[in-house]
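Beneath this line is the structure, given in C-alpha cells, with notes to follow.
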Amino acid sequence: MGTQFVVQDINAALNAGDFGGGIHSAGSNASDARLAIDGDASLGDGLLEIDLGRGVSSRRVTLIFDEEVPTFELRLSTGEQFIDEVGNPIDGTLVYRIVERYKENNRYRIFSTRLTRAFSDPIRAFHVI
C-alpha cells in the first residue's frame, strides 16, 4: 500500500497518451488532430473527440477556442458504451451527454463550465462538435 495524491487544476488531455488515450476521432485533418491537446492554442476548424485514457474526477471543464469559433456543443462521456438490442456493449462506441450548447460564440474564447451532479462519475472522454 502507498499514498495516492490528488492533484487539482490539471490539464488531463496533455498526458492522455500515457494512459492509452489521445485523439479518438477528428472530423477533418486527423493527422494533425493531436495538436489540439499539445498545449499550443493555435488550431484550425473541425470536430474532435478526445479519450483521456482513464476516468478523471472533474468539477470543471475548460476549453480554449479561437474567438471566431461558430456554434458548438460540449459533450462528455463517462466511458459507458452503447448497447445492442440484447444488452451487449458495442465495441468502439461511447455514450455522450450534452453539457453545453452555444449558438453564438461572441463572448467566449475561454469556455469553462462547472459540472452538475449528472457528471459525478469520472469523465473518460469529451467531444466538441
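Values for this structure:
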item	result
Sequence-distant residues sharing a close amide H with Ser25 (under 5 Å, placed H)	Glu49
For Gly55, residues with placed amide H under 5 Å, excluding near neighbours	none
Estimated distance in nm for a label pair at Asp9 and Glu100, the labels positioned 7 Å out from Cα along Cα-to-Cβ	1.8 nm
Under-5 Å amide H pairs with Glu100, H placed in peptide plane, nonlocal only	Leu74
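The numbers here are math on the coordinates, done by the rules we state, and not lab data. Values in this document were obtained by computation on a predicted structure and should not be read as measured data. Positions of Cβ are generated from backbone atoms using ideal geometry, with glycine treated the same way; all protein chains shown enter the neighbour counts.
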